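The values are calculated or read from the model by the stated rules, or taken from the named source; none is laboratory data. Remember, predicted model here, so these are calculated numbers, not experimental data. Counting neighbours? That spans all protein chains shown, and the Cβs are built from the backbone with ideal geometry, glycine included. Accessible surface is based on the protein model in full, side chains and every heavy atom, while ligands, DNA and RNA are left aside. Shrake-Rupley method; radii C 1.70, N 1.55, O 1.52, S 1.80 Å.
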Amino acid sequence: MADTPSAHNCQVPHFSAAMTGQKSFDLNDYSGKTLVLYFYPKDNTPGCTTESIAFRDLHAEFEAHDTVVFGISRDSLRSHEGFKNKLALPFELISDPDETLCTMFNVMKLKNMYGKQVRGIERSTFVIDATGKLVKEWRGVKVAGHVDEVLKFVSTPN
């Protein structure tokens, strides 16, 4: 797909989406900032909870490096608001029920769950630099140590 930002240093196509806090995400609003977009399978599941808590606990350090964090899944805004409140997340969650962003970033995969093939989000994280270019991606993420690795990447001068 031509609009998939899969190559490093390629410009991410403009997008907007609904997010928590009764706000709308628009990529143009974050020009000049580094963005971390982490895609996760589902609110209130063990791995996703652990990953979101890790981003929460290091949030001030991401902010200190002029980096804005967003979590993205196919869950509804209502589900996201509950998840965000339950974990006291200091950042917004983007709802992608129609898989527009999941498709754009190519994170939808066939996965085995309880012996059945199901389509779901492959846990993935993307860093977009201040000029809107995709500069780093992690796919098939294992939660342990991942958020530290992302923070190290955004805090290391180019």
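For region 102-158, give me each residue that is of a type in the set (D, E, K, R) and either more than 19 Å from Ile72 (Cβ to Cβ) or assigned to a helix (DSSP H, G or I) (or both). Across region 102-158, the qualifying residues are Lys116, Asp148, Glu149, Lys152. Just checking, which of Lys42, Lys33, Lys23, Lys84 is in contact (Cβ under 8 Å) with a residue 24 or more places away in the chain, basic (Lys, Arg) and open to solvent by less than 40 Å² (accessible area, probe 1.4 Å)? Matching residue, one of Lys42, Lys33, Lys23, Lys84: Lys84.
Among the residues of region 62-74, not one is under 11 Å from Met19 (Cα atoms) and either open to solvent by 10 Å² or more (accessible area, probe 1.4 Å) or assigned to a helix (DSSP H, G or I) (or both). Quick one: which of Gly140, Gly120 is under 16 Å from the mean Cα position of the chain (by Cα), modelled with pLDDT under 95 and within 25 Å of Cys10 (Cβ to Cβ)? Testing whether each residue is under 16 Å from the mean Cα position of the chain (by Cα), modelled with pLDDT under 95 and within 25 Å of Cys10 (Cβ to Cβ) leaves just Gly140.
Out of Leu89, Leu93, one residue alone is buried (at least 17 other Cβ atoms within 10 Å of the Cβ) and under 13 Å from the mean Cα position of the chain (by Cα). It is Leu93.
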